[in-house]
Structures are given as structure tokens and as C-alpha cells.
Amino acid sequence: MVFQKITVLSQQRVDRIIDNIRQYESYEALSLAVDDITSKLAFGVDSDTFEETVDRLGRILGFACDRPDAEWKEGPDNLWCLRDGQYLLFEAKSQVLTGRKEINKDEADQMNRSVAWFAKNYADCRSRSLMVHPAKKLHGAAAFMHPVEIMRKTHLERLATNVRKFFGEFKTIDFKDISPEGVQRFLNAHTLGVLSLIHI
């Protein structure tokens, strides 16, 4: 197989979100789907299920997404294309016990390999590199070779809450009447705009 990188989808993000929402017959059906996604953004969830959930979340939020490790047996667990040349890279350790205090050497090395894979395959692009892990400290023998941020339990819970609140905005809106301006306003209000995902 020949590797192909994911790129920004031609359709505007807000339009894709509207299309995604309109696939559901009712707000109740949409809410059930969102609850299914957000309930699995948690530690203790099987790794493949967690990675599939991150992929589903990215897609319902209007991004082009990929699971390089699952598809190519190398690279990060999840990759979202936020905008042209800007990506969100995930290395997920959802099955690590929440009582663990440190990120071990093997986990740090895996993250380093994922970031190196991105640099090789996405030359001239930038990524925000996130490791989903309950610990916030590195073991003495571990090191990150590039900037990495840690998504801990509180971060996952906040993301899930923001996603639920965002889609909750559509509870009283006829899906036929959803406007791009309204979607963007809701994204910004719930910290799900591209700039928020890049910088916060």
C-alpha cells in the first residue's frame, strides 16, 4: 500500500458539521450518538475502542481524520487535520491505570517515534502532539525529544463536556435551519474552534 497523508477536506468545516448533524433523524438520535462517543473518552476503555472513538469525534467535529498506527502499523494512534498544514496528533494510553504516577521510557519512546513519523510524512506541517496518559511526570529514564502535552483525566472530561454542550445547542433548533454562523459561534463558545484546539 502507498501511504497518503490526510489533508483539509474541500468543504468548509462548519458545513461538514451541519451535514453530520442532519444525518440524524432527531436531536434524540444525535444526542445518543454524542453520548456514545463522549462516554468512551475515558481511561479504562479498551485501546482500540478509545482510538476509534477519537476518530469518530474528530469526524463528527468536521475534521479529516486518520489512524496511522492501525492502518500503517506505524505513526500515532490518531491524527486530525485541523486546517491546511496544522494537525492534532494523539498517542493514546487509555488502559494505563489511573494511579500511575509516571510515564515510562517505552511510552515516551513510542511518542518520539510517532512525532518523528509525522515529521517524515508531513514535511513542512505542524502538529500539536498530545499523549493521553493519567500521569504528568516522566520517569527518570524517559524523555521527550519534541514538545508534548499530556491529556489527563480532567482534560478528557473537559473535552467530553465541551462536546456535549456544543451539540446540546442544537436541541431546540430545526436541523433544516442550522446556519454556518451559528455553528461557528457554538464552536467558539465551547472551546472547539480550530484556534482553541491548536493553542489551548
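The values are calculated or read from the model by the stated rules, or taken from the named source; none is laboratory data. Values in this document were obtained by computation on a predicted structure and should not be read as measured data. Note that we place each Cβ from the backbone using ideal geometry, even for glycine, and neighbour counts take in every protein chain shown. Ligands, DNA and RNA are stripped out before the accessible areas are found, and what is left, the full protein with its side chains, is counted by its heavy atoms. Shrake-Rupley method; radii C 1.70, N 1.55, O 1.52, S 1.80 Å.
Among residues belonging to segment 119-132 that are touching a residue at least 40 places away in the same chain (Cβ under 8 Å) and over 20 Å from residue 50 (Cβ atoms), point out the one that is most open to solvent (accessible area, probe 1.4 Å).
Here the residue is 126.
Tally the residues that are part of a helix (DSSP H, G or I), open to solvent by less than 30 Å² (accessible area, probe 1.4 Å) and in contact (Cβ under 8 Å) with a residue 40 or more places away in the chain, restricting the search to segment 33-53.
So the answer is 5.
Of the residues 89, 79, which single one is within 23 Å of residue 33 (Cα to Cα) and in contact with a Lys or Arg (Cβ under 8 Å, 6 or more places away or on another chain)?
79
Kindly indicate whether any position in segment 15-24 is part of a loop (DSSP other than H, G, I, E, B), over 17 Å from the mean Cα position of the chain (by Cα) and surrounded by 15 or more Cβ atoms within 10 Å (Cβ to Cβ).
Taking every residue of segment 15-24 in turn, at least one turns out to be part of a loop (DSSP other than H, G, I, E, B), over 17 Å from the mean Cα position of the chain (by Cα) and surrounded by 15 or more Cβ atoms within 10 Å (Cβ to Cβ).
Any idea which of 171, 165 is assigned to a helix (DSSP H, G or I), open to solvent by 80 Å² or more (accessible area, probe 1.4 Å) and either out of contact with any strand residue (DSSP E or B) (no Cβ under 8 Å at 6 or more places or on another chain) or not β-branched (Val, Ile, Thr) (or both)? Write out each step before concluding.
Values: 171 fails: assigned to a helix (DSSP H, G or I).
Being assigned to a helix (DSSP H, G or I), open to solvent by 80 Å² or more (accessible area, probe 1.4 Å) and either out of contact with any strand residue (DSSP E or B) (no Cβ under 8 Å at 6 or more places or on another chain) or not β-branched (Val, Ile, Thr) (or both) holds for just one of 171, 165, which is 165.
Scan segment 67-84 and give yes if some residue there is among the small types (Gly, Ala, Ser) and either assigned to a helix (DSSP H, G or I) or modelled with pLDDT of 95 or more (or both), otherwise no.
There is at least one residue in segment 67-84 that is among the small types (Gly, Ala, Ser) and either assigned to a helix (DSSP H, G or I) or modelled with pLDDT of 95 or more (or both).
Inspect all residues belonging to segment 97-114 and state whether any of them is assigned to a strand (DSSP E or B), at pLDDT 95 or above and open to solvent by less than 30 Å² (accessible area, probe 1.4 Å).
From segment 97-114, those assigned to a strand (DSSP E or B) are 102-103; that's our starting set.
Now restrict to residues that are at pLDDT 95 or above: 102-103.
Subsequent filtering for residues that are open to solvent by less than 30 Å² (accessible area, probe 1.4 Å) retains 103.
Taking every residue of segment 97-114 in turn, at least one turns out to be assigned to a strand (DSSP E or B), at pLDDT 95 or above and open to solvent by less than 30 Å² (accessible area, probe 1.4 Å).
Tell me which residues, restricted to segment 54-106, are of a type in the set (Asp, Glu), in contact with a strand residue (DSSP E or B) (Cβ under 7 Å, 6 or more places away or on another chain), without any contact (Cβ under 8 Å) to a residue 40 or more places away in the chain and over 16 Å from residue 119 (Cα atoms).
Our first condition is that a residue be of a type in the set (Asp, Glu); within segment 54-106, this holds for 55, 66, 69, 71, 74, 77, 84, 91, 102, 106.
Narrowing the set further to residues that are in contact with a strand residue (DSSP E or B) (Cβ under 7 Å, 6 or more places away or on another chain) leaves 55, 66, 77, 91, 102.
Then drop every residue that is not without any contact (Cβ under 8 Å) to a residue 40 or more places away in the chain, which leaves 55, 77.
Of everything in segment 54-106, just one residue is of a type in the set (Asp, Glu), in contact with a strand residue (DSSP E or B) (Cβ under 7 Å, 6 or more places away or on another chain), without any contact (Cβ under 8 Å) to a residue 40 or more places away in the chain and over 16 Å from residue 119 (Cα atoms), namely 55.
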